[in-house]
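The values are calculated or read from the model by the stated rules, or taken from the named source; none is laboratory data. Owing to the predicted nature of the structure, the values given are computational and were not obtained by experimental measurement. A quick note on method: Cβ atoms are made from the backbone with ideal geometry, for glycine too, and the neighbour counts reach across all protein chains shown.
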Amino acid sequence: MTTKKVAVILSGCGVYDGAEIHESVITLLRLDQRGAKVQCFAPDIAQLHVINHLTGEQMPETRNVLVESARIARGEIKDIREARVEDFDALIIPGGFGAAKNLSSFATQGAACTVQPEVLSLAEAFAEAGKPIGLMCISPAIAAKIYGPGVICTIGTDADTAAAVTKMGGSHQECEVSEIVEDKARKLVSTPAYMLAKSISEAASGINKMVDRVLELTQKS
């Protein structure tokens, strides 16, 4: 089996205003365990806001999504403008509120949201090339923006979020934390992760399955 190359888009560092750290690390660990070569990317933009993760309150400061994401990637990260679809076999986007606040405006605008332009163009390029994409936690909320109406995905069982996905044209399927939902026609794999997980092990159960399936689908690309 040839080494698969996977692009991972991070959205900052920390569940409340960036990429969910556990989800990101589990993803990177599983990809490494499966022998994939990974390159992390993030948009070089300001975060929507900064949250004190101890108190949950907003802080009077600004942070950069690329700079913050570099914490998770141990500095091995590039501006998303440097990402080229032809260099990779698959794309994965971990969750965390950063996916809904920095990579898109889903947290503030719901079904009327837009996706950050560089993130959208890269994801659309993977979709158009028939290359698999893995989304987890809240990041499947942007699936309909990437693929258009009818795309099948899951955010778990949260009724309000599922309703917003449906309003955007997505076809939402309820899913347990340890399972995945696959849109076979579009090669999109999603899993609830911390939308449902009560522990890091629970989050890993679904994320590992998702990563494994995304890598399997690269064989069929």
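Observations, loosely collected:
- With respect to the stated conditions, residue 18 is within 28 Å of residue 89 (Cα to Cα), in contact with a Phe, Trp or Tyr (Cβ under 8 Å, 6 or more places away or on another chain) and crowded, with 20+ Cβ neighbours inside 10 Å.
- Search result, residues across the range 1-56 that are within 22 Å of residue 122 (Cβ to Cβ) and in a strand (DSSP E or B): 5, 6, 7, 8, 9, 37, 38, 39, 40, 41, 42, 46
- Taking the listed residues 155, 142, the one that is of a type outside the set (Ser, Thr, Tyr), closer than 23 Å to residue 70 by Cβ and modelled with pLDDT of 95 or more is 142, with no other qualifying.
- Residue tally, condition over 18 Å from residue 190 (Cβ atoms) and not charged (D, E, K, R), over the range 108-154: 10
- Just so you know, in the range 196-221 the residues that are closer than 8 Å to residue 177 by Cβ and hydrophobic (A, V, I, L, M, F, W, C) include one that is nearest to the chain's Cα centre (by Cα), and it is 203.
- Exactly one residue out of 168, 210, 195 is over 14 Å from residue 138 (Cβ atoms) and at pLDDT 95 or above, and it is 210.
- Odd one out for residue 29, checked against (1) under 21 Å from residue 177 (Cα atoms); (2) under 14 Å from the mean Cα position of the chain (by Cα): (2)
- Condition met for residue 130 (touching a residue at least 60 places away in the same chain (Cβ under 8 Å), in a loop (DSSP other than H, G, I, E, B) and more than 14 Å from the chain's Cα centre (by Cα)): yes
- Of all residues in the range 176-217, those satisfying the criterion of being in contact with a helix residue (DSSP H, G or I) (Cβ under 7 Å, 6 or more places away or on another chain) and among the aliphatic types (A, V, I, L, M) are 177, 180, 188, 189, 193, 197, 200, 203, 204, 207, 211.
- Leading residue by the ranking (nearest to the chain's Cα centre (by Cα)) among those in the range 33-55 that are surrounded by 18 or more Cβ atoms within 10 Å (Cβ to Cβ) and among the small types (Gly, Ala, Ser): 42
- Of the candidates 42, 19, 7, the single residue that is under 19 Å from residue 203 (Cβ atoms) and touching a Leu at 6+ places or on another chain (Cβ under 6 Å) is 19.
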